[in-house]
Structure formats: C-alpha cells, structure tokens
Amino acid sequence: MALERTFSIIKPDATRRNLTGKIIAKFEDAGLRVIASKRIHMTRAQAEGFYAVHKERPFFGELVEQMIAEPVVVQVLEGENAILKNREIMGATNPANADTGTIRKEFALSIGENSVHGSDAPETAAEEIKFFFNDDEIVG
Ligand code: DAT
Ligand code: MG
C-alpha cells in the first residue's frame, strides 16, 4: 500500500497534563511520521465547524467546550495504512473499551476527554487536513 496521510489532534485534556511527547512517541513507535504540526488554541467557530457532523448529538456542546478549553496540537501523520493504524494506536472512543497499550487506555480521562482525535476514513482525513493546514505547512 502507498503512503497515506491522516489528521490527528492531541486534545486539551492531554496538553494540559503535558502528555504531548508521550503521545507523539506512540505514533512514531508505530511507524507514523509527523509531517506537519502546530499548537493552536481553537476558536469556538473552528471547534463547531470541525465537529459539525456531531452537531445534533447530545454531547456536542460539551465536546466544543472541551476542545476550546486549552491549546491543542494538530498534526498530519504519514505512513503505510496511516488512517487505520492511527485509529488502532488511539484505541476505542470510550477508554473503558480501549485495548491495553493504546493512547486512550493509558491517558484518556473519560469518553469526552479522550486525549486524541484521529480521522476515520480517507475522505475525512483529506477534509480535516485541509481544515487546519495549508499545503506549504505539510512537509512530507
Ligand atoms: P472518535 O473520536 O473515536 O472518532 P466520535 O467521532 O464518535 O469518536 O466522537 C467524537 C468525539 O465526541 C469523541 O472523541 C468524544 C466525543 N463523544 C463521542 N461520544 C460521546 C458520548 N457518548 N459522550 C460524550 N462525548 C462523546
Ligand atoms: Mg470520529
């Protein structure tokens, strides 16, 4: 399979606890390369736009509040089968269901404060990368 790109966010619950390096190490150890990275404090409009697919869900308000509470680190990860591989490294959405060794098992506080976001499919990966990065910020 050719190299693939996916989009990742290290969420506020993780940046607040200074876990950025430990999380990036998990990506790198699994063979994913960080080819774009920046620390930003998301605006409410950005968080609402990014998570628009969830806007009818009961947890939407809480999700937006959590995403804008502290800075985040947005990244593009590249590697073989990067989208699926990243989802495996992240673990299940609810940390109670996440496998041993995954980021969410080790670090997540709850289903909402679950430390990382990762794209779920090629189409969403492309959209999410574009949402936060210009082409010249990505150095593959
Ligand atoms: P994932 O982040 O694993 O792709 P998702 O796309 O279903 O999960 O949901 C996006 C985020 O919304 C998730 O990371 C945390 C939050 N969320 C999802 N389900 C939730 C729930 N039942 N209660 C609170 N927050 C939830
Ligand atoms: Mg999702």
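Only a single item in (1) more than 14 Å from ligand 2 (Cβ to nearest atom); (2) surrounded by fewer than 16 Cβ atoms within 10 Å (Cβ to Cβ) is not met by LYS85, and it is number (2).
Taking the conditions (1) in contact (Cβ under 8 Å) with a residue 24 or more places away in the chain; (2) of a type in the set (Val, Ile, Thr); (3) in a loop (DSSP other than H, G, I, E, B) in turn, VAL74 satisfies each one other than (3).
So that you can scan it fast, the table gives a plain yes or no per residue for (1) more than 16 Å from PHE133 (Cα to Cα); (2) within 16 Å of ligand 1 (Cβ to nearest atom); (3) open to solvent by less than 30 Å² (accessible area, probe 1.4 Å); (4) of a type in the set (Ser, Thr, Tyr):
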site: ASP29; (1), (2), (3), (4): yes, no, no, no
site: VAL34; (1), (2), (3), (4): no, no, no, no
site: SER37; (1), (2), (3), (4): no, no, no, yes
site: GLN46; (1), (2), (3), (4): no, yes, no, no
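When we screen LEU32, LEU63, LEU3 for residues that are aliphatic (A, V, I, L, M), touching a residue at least 60 places away in the same chain (Cβ under 8 Å) and in contact with a helix residue (DSSP H, G or I) (Cβ under 8 Å, 6 or more places away or on another chain), the only hit is LEU3. For segment 91-140, a residue qualifies if it is under 17 Å from LEU3 (Cα atoms), assigned to a loop (DSSP other than H, G, I, E, B) and away from ligand 1 (no atom under 12 Å from the Cβ), and the qualifying residues are ILE138, VAL139, GLY140.
The values are calculated or read from the model by the stated rules, or taken from the named source; none is laboratory data. Note that the structure is predicted; figures quoted are calculated from it, not measured. Ideal geometry is used to build each Cβ from the backbone, glycine not excepted, and the neighbour counts take in all protein chains shown. Accessible surface areas use protein heavy atoms only, side chains included; no ligands, DNA or RNA. Shrake-Rupley method; radii C 1.70, N 1.55, O 1.52, S 1.80 Å.
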